[in-house]
1. For the range 119-135, how many residues are hydrophobic (A, V, I, L, M, F, W, C) and crowded, with 20+ Cβ neighbours inside 10 Å?
2. If we scan the range 154-163, do we find a residue that is without any contact (Cβ under 8 Å) to a residue 24 or more places away in the chain, more than 29 Å from Trp58 (Cβ to Cβ), surrounded by fewer than 19 Cβ atoms within 10 Å (Cβ to Cβ) and of a type in the set (Lys, Arg)?
3. Here are the criteria: (1) surrounded by fewer than 20 Cβ atoms within 10 Å (Cβ to Cβ); (2) outside the structural domain of Thr41 (by TED's automatic domain parsing). Tell me which single one Asn180 does not satisfy.
4. Only one of (1) touching a Leu at 6+ places or on another chain (Cβ under 9 Å); (2) assigned to a loop (DSSP other than H, G, I, E, B); (3) free of Cβ contacts under 8 Å to residues at least 12 places away in the same chain; (4) not aliphatic (A, V, I, L, M) is not met by Pro130, so which one is it?
5. Among Leu88, Leu93, Leu81, Leu138, which is more than 19 Å from His63 (Cα to Cα) and in a helix (DSSP H, G or I)?
6. Based on this model, can you work out whether Ala198 counts as modelled with pLDDT of 90 or more and either of a type outside the set (Phe, Trp, Tyr) or in the same structural domain as Ser14 (by TED's automatic domain parsing) (or both)?
7. Which residue out of Ala96, Ala65, Ala90 is crowded, with 19+ Cβ neighbours inside 10 Å, within 23 Å of Asp44 (Cβ to Cβ) and more than 18 Å from the chain's Cα centre (by Cα)?
Amino acid sequence: MIVAFVNPQPTIYSADPTAEQERTAAGLSALLRQAELIPVTGLDEAGLLSVPAAFTSWQILRHGAVVIGQDGLEDHPWRRLTLETQGLRADALRLAHQAATHISQLGQLGLEVTLDEHSGLPLMVRLSHPHGLELALLQAERELREWLDGGPFQADLRVLNQGESLTLLPAELTPESAVNYVLGQLPPEVTLTLGVSAQEGDAAYLALCDYALVPGESAWLSRAEVAEED
């Protein structure tokens, strides 16, 4: 039995795919046809429905904050851990939401800033631009990191840049911690685990799998080549 932990964006799904992305997504889907697919994504349950793939096993959602079990319900032990972390980081997330809003307003960046909740507690701060303006997100990321560096929440929150959006999360909630948890729940019949992602921030969870699949054109592979040459 083969289990593949897959970040579906943009490996097997893109909102507006190019012909090349459609070709590689079709090939990857064919390659993984015999594997049990477990999504590892920032999407929630509703967002995952837009992905054209059969996810019938575990699901790791919202950047590792939510784990759905094989019964289709949220895993109770993981939910308790997430709620405990949310309680500890609630004030930090609320202040981060205020800081992100001020950064957007003062810089006239035109960003949409939201404070997402889970089970009645703050979970993450999300920033996006209605027209996908990358420069606005890069400026916001730089200023948010400056706000965090040396501040009281430096060790409490992390900033995740996924190109089209920025997300601030509790530092303890990570894809790799959720993947490690699910790996411990898999049956002994699993003979091989694969990690599949095009996101540099997923490197830690890919390293937990027996093998990792990443696009050959990934920027982080290029940087590794340059570092080796230097």
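The values are calculated or read from the model by the stated rules, or taken from the named source; none is laboratory data. The shown structure was predicted, so the numbers you read here are calculated from the model rather than taken from an experiment. Because the Cβ atoms are built from the backbone with ideal geometry, glycine has one as well, and the counts that use them run over all protein chains shown.
1. Summing the residues that are hydrophobic (A, V, I, L, M, F, W, C) and crowded, with 20+ Cβ neighbours inside 10 Å in the range 119-135 gives 4.
2. Within the range 154-163 (the criterion being without any contact (Cβ under 8 Å) to a residue 24 or more places away in the chain, more than 29 Å from Trp58 (Cβ to Cβ), surrounded by fewer than 19 Cβ atoms within 10 Å (Cβ to Cβ) and of a type in the set (Lys, Arg)), the answer is no, since none of the residues qualifies.
3. Of everything listed in (1) surrounded by fewer than 20 Cβ atoms within 10 Å (Cβ to Cβ); (2) outside the structural domain of Thr41 (by TED's automatic domain parsing), Asn180 misses just condition (2).
4. (3)
5. Details: Leu88 fails: more than 19 Å from His63 (Cα to Cα); Leu93 fails: more than 19 Å from His63 (Cα to Cα); Leu81 fails: more than 19 Å from His63 (Cα to Cα).
Of the residues listed, the single one that is more than 19 Å from His63 (Cα to Cα) and in a helix (DSSP H, G or I) is Leu138.
6. no
7. Values: Ala65 fails: more than 18 Å from the chain's Cα centre (by Cα); Ala90 fails: crowded, with 19+ Cβ neighbours inside 10 Å.
So the residue among Ala96, Ala65, Ala90 that is crowded, with 19+ Cβ neighbours inside 10 Å, within 23 Å of Asp44 (Cβ to Cβ) and more than 18 Å from the chain's Cα centre (by Cα) is Ala96.
Each row is one residue, and each column tells you yes or no for (1) over 20 Å from the mean Cα position of the chain (by Cα); (2) in contact (Cβ under 8 Å) with a residue 60 or more places away in the chain; (3) under 26 Å from Leu138 (Cα atoms).
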| position | (1), (2), (3) |
| --- | --- |
| Thr24 | yes, yes, no |
| Glu36 | no, no, no |
| Val40 | no, yes, yes |
| Phe55 | no, no, no |
| His102 | yes, no, yes |
